[in-house]
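Asker: Structure below; questions to follow.
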């Protein structure tokens with residue numbers, strides 16, 4: 001396997017949740033040819049930074065795939081942290097990110113990375129792969145009802161407003177070809193929680209197909225999203241994305 005993947009874990013005040021998941025993730029990717037894992041600390045305070053540094057430094061003694069902690073001097077938002085980490089790809093063919101809370105298990109991350117790398121679809125542009133929280137036979141999705149309801153409302157807003165048949169735009173596990181990202185990166189402006197909607201639309205409008213893959217997913221306590229405030233901000237960003245689609249279509 002010659003392809004390489006650079007996986008970013010964006011973090012803002014996540015030292016209390018990331019340790020167990022990061023250990024499992026690095027263990028899962030040990031032996032995964034060319035994989036690198038990079039945690040990006042998105043402008044947390046000094047106490048949080050010290051705790052995160054200890055976690056990363058200790059795990060790096062055990063796992064070669066784990067890169068040194070990348071520290072951002074100020075909070076850029078989840079998208080800003082992901083894009084900053086992707087900038088350190090060191091020539092990787094695939095870029096990916098996963099949320100730090102472990103809602104997407106390490107085994108699910110490995111599954112999607114393998115789908116991307118082992119099925120490059122040489123006859124046309126390789127697809128981006130987005131994890132999807134869809135309840136179906138053989139899949140386990142453990143999610144609070146109110147979050148599921150708001151998620152479905154938001155997904156419907158994204159699908160109808162942007163005319164894209166997507167079931168779950170917000171699941172925190174995505175893998176995409178680096179060349180597809182480099183084609184659009186300078187035109188991406190959203191850095192908050194709606195960044196992956198903008199990313200999705202830009203990929204599609206420039207000719208990169210997207211495959212939604214159902215995964216097992218479980219709610220983890222301690223999330224930073226405020227359902228009322230952030231839902232409004234994300235809806236506002238969807239309207240911004242719609243008004244900017246001409247930019248990406250001109251690149252396609």
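A short reminder: the numbers here are calculations on the coordinates, not readings from a lab. Worth saying up front: this structure is predicted, and the values here are computed from it rather than measured. Cβ sites come from the backbone with ideal geometry, for glycine too, and all protein chains shown count toward neighbours.
Asker: In what order do 167, 83 fall by count of nearby beta-carbon atoms within 10 Å, going from fewest to most?
Answerer: 167, 83
Asker: Another question, then. How big is the C-alpha Rg of the chain next to the rule-of-thumb value 2.2 N^0.38 Å, as a ratio?
Answerer: Dividing the Cα Rg of the chain by 2.2 N^0.38 Å gives 0.96.
Asker: Shifting gears a bit: Could you line up 213, 153 from fewest to most neighbouring Cβ atoms inside 10 Å?
Answerer: 153, 213
Asker: Using only the Cα atoms of segment 1-126, what do you get for the radius of gyration and for Dmax, in Å?
Answerer: According to the Cα coordinates of segment 1-126, Rg and Dmax are 14.3, 50 Å.
Asker: Where in segment 231-248 does the label zone of residue 153 land, with the point 7 angstrom along Cα→C-beta and an amide N cut-off under 17 Å?
Answerer: 231-239
Asker: Once R0 is set to 41 Å, what does the formula 1/(1 + (r/R0)^6) return for the Cβ-Cβ distance between residue 118 and residue 160, expressed as a FRET efficiency to the nearest 0.05?
Answerer: For R0 = 41 Å, the calculated efficiency reads 0.75.
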